[in-house]
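Participant: Attaching a single structure in structure tokens format; questions to follow.
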Amino acid sequence: MDAEERLPPRVVELITEADTVFIASIYQSDHLTAKKYPSHAGMNARSGLPGFTRVRPSDGRTVVLPDYSGNRFLMSLGNIESAGLVGLTIVSFTTGEVLYLTGKAQVLVGEPSFKIMARQPSVALMETTGFTLVSDALPVRQEPGSEVERSPYSPKVKYLAEEEAGLSGTSGGYKVKLTSALQYADNIATLRFEVLAKNGCSGLDIRPGQAIVLDFMDYIGPPVYRHMADGKPDSLNDDRVRTWTVSSAHEDRSTTWFELTMREMKNGVVTGQLFQLLRSKWRQGEETSLSIRNIAEVVGVTGDFYMGQGPVCMLWVAGGIGITPFLAMFTALVQRKDHSKRADVVLALSSREPDVAFQLLGRSLTGLPPNVQVRIDFFSNQANISAPDLEDIGVQVVMHKGRIPSEYWAGVDGGREIFICGPGGFGDAAQAGLTNAGVPASSIRREGFY
């Protein structure tokens, strides 16, 4: 390849879709040890979720390979560091293509690595000098329609600092302080954080429904090294970074504080620590004051599941803690000053914890202006449920026994924009029901759990 030549789009696509990369490296022996340790070449595999290997957009030819905790045999990295050369082989088991790349390489550790890929302590960089793409080289194919079983040890895909998806991971301008919490149940609480900005940082903007990414590595510390972790495989490469939907609203102003409504995850490292802080002081229904400075660093704000400034005629569908983005949206509607614009929202909420759900909704809907019409269709297996506090502030609440039935979707007004947030199976069922009822896919927006 010429010095300024970029890799063709198909080659980049194969690299960034791969879940396995075969690494060829060489060991060059010193003449004093050549008899005992002769020079040789070898090949090892590196794997992750599809997309774990990246190509730098700035030059279109530098391949970035993050190093994950695995068997801790570092011969390949040592060879790369020593020889400065590497070869990569990538096989597509769906098309049968095989890609061969060669290039100059180096290993970055610590701060230089973080500048390439945020929160990734070690990466190998290969500046491609040549490649060969062979079509139909593999005589076998993955069976169409079959699913690949992914290793539970594979961490989430990380993007390069210069990639658009990775830009949020390079801010480094904000830390947060945990100031208070309101706990509704032993494992559900709303935590309030104060934003601590470095000098010169622009404001932090969060739209109603968006999520914030927080890095707790400095507060919790890195995971203790383990060769394997059969009980909780994903803990092996846990980078202490977590994403939550913001449940408070901050329209038309820079965010100096925000709230996260969360559920403690079983054996969760981060939520376990946070809820442990609360339990010694918890009094149900009372806000707990805290002052824990620099508990996390803001990695960024993310998500396109948010309510815009235009007309609001919507159906929101929530399952359990999937109510969180809608709490921010309700609060934003209450806070909007232009009461001449009408808003019409139906919330279809399925929950096993009605008392908690009504408390959360009560906080968000207090002060509901007359131009905002809200109806809540509440689905629960519990009997004799009522929500007088919500009805007192002008919210229409309709109770339903059991899960949301398929016939419910047939009554949805076709002119409504539809947002769905909940567990995977819940969201799938809601989307299928709406589609079967004739709602166009373009009217449906979907959000999973962070």
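Bear in mind these aren't lab numbers, they're just calculated from the coordinates by the rules spelled out. The structure presented is a predicted model; accordingly, all values stated were derived computationally and were not measured. Cβ sites come from the backbone with ideal geometry, for glycine too, and all protein chains shown count toward neighbours.
Participant: Between ALA185 and TRP257, what's the calculated FRET efficiency when r is the beta-carbon distance and R0 is 25 Å? Round to 0.05.
Facilitator: For ALA185 and TRP257, the calculated efficiency is 0.60.
Participant: I'd like the FRET efficiency for ARG150 and LYS36, computed as 1/(1 + (r/R0)^6) with the beta carbon distance as r and R0 of 30 Å, rounded to 0.05.
Facilitator: 0.15
Participant: Please list, in order along segment 184-192, the HN-Hα scalar couplings obtained from phi with the Karplus expression 6.51 cos²θ - 1.76 cosθ + 1.60 (θ = phi - 60°), rounded to whole Hz, x for Gly and Pro.
Facilitator: 9, 8, 4, 10, 9, 7, 10, 9, 10
Participant: So how do 22-29, 323-330 stack up, highest first, on mean other-Cβ count within 10 Å?
Facilitator: Packing proxy ranking, top to bottom: 323-330, 22-29.
Participant: Same structure again: Which residues' amide hydrogens lie under 5 Å from the amide hydrogen of LYS104, considering only partners 5 or more residues apart or on another chain, with H built in the peptide plane?
Facilitator: Under 5 Å from the amide H of LYS104: GLU127, THR129.
Participant: Sort the following peptides by mean Cβ neighbour count (other Cβ atoms within 10 Å, averaged over residues), highest first: 264-271, 295-302.
Facilitator: Going from most to least packed, we get 295-302, 264-271.
Participant: Under the rule of at least 5 residues apart or a separate chain, name every residue whose amide H is placed under 5 Å from the amide H of SER247.
Facilitator: Amide H to amide H, under 5 Å and 5 or more residues apart or across chains, SER247 pairs with GLU259, LEU260, THR261.
Participant: Amide H to amide H under 5 Å from ILE206: which residues, 5+ apart in sequence or cross-chain, H placed 1.01 Å off N in plane?
Facilitator: Placed amide hydrogens put THR255 under 5 Å from ILE206.
Participant: In segment 361-385, whose amide N lies under 20 Å from the spot 7 Å out along Cα-to-Cβ of SER340? List them in ranges.
Facilitator: The answer is 369-373.
Participant: I need the phi-derived Karplus couplings for segment 51-57: 6.51 cos²θ - 1.76 cosθ + 1.60, θ = phi - 60°, integer Hz, Gly and Pro marked x.
Facilitator: x, 5, 8, 10, 10, 5, x
Participant: Treat every Asp and Glu Cβ in the chain as -1 and every Lys and Arg Cβ as +1, leave all other atoms uncharged, and give the resulting dipole magnitude about the Cα centre to the nearest 20 debye.
Facilitator: Once rounded to the nearest 20, the dipole reads 860 debye.
Participant: Give me MET399, MET307 ranked fewest to most by other Cβ atoms within 10 Å of their Cβ, as a rough exposure proxy.
Facilitator: Fewest to most other Cβ atoms nearby, the residues stand as MET399, MET307.
Participant: What is the sum of charges around VAL398, taking Lys and Arg as +1, Asp and Glu as -1, for the other residues whose C-beta is under 9 Å from the C-beta of VAL398?
Facilitator: Result for the neighbourhood of VAL398: 0.
Participant: Lys and Arg at +1, Asp and Glu at -1: add these up for the other residues within a Cβ distance under 14 Å of ARG6 and post the number.
Facilitator: With Lys, Arg at +1 and Asp, Glu at -1, the net is -3.
Participant: May I ask you to evaluate 6.51 cos²θ - 1.76 cosθ + 1.60, the Karplus curve with θ = phi - 60°, for each residue of segment 96-104 and list the ³J(HN,Hα) values in order in whole Hz, giving x for glycine and proline?
Facilitator: Couplings: x, 6, 10, 10, 10, 10, 10, x, 7 Hz.
Participant: Then there is this: Considering only the other residues whose Cβ falls under 14 Å of the Cβ of LEU160, what net charge follows from Lys and Arg at +1 and Asp and Glu at -1?
Facilitator: Its environment carries a net charge of +2.
Participant: Sort 173-182, 30-39 by packing, meaning the average of other beta carbons within 10 Å per residue, with the highest value first.
Facilitator: So the peptides 173-182, 30-39, ranked by packing, come out 173-182, 30-39.
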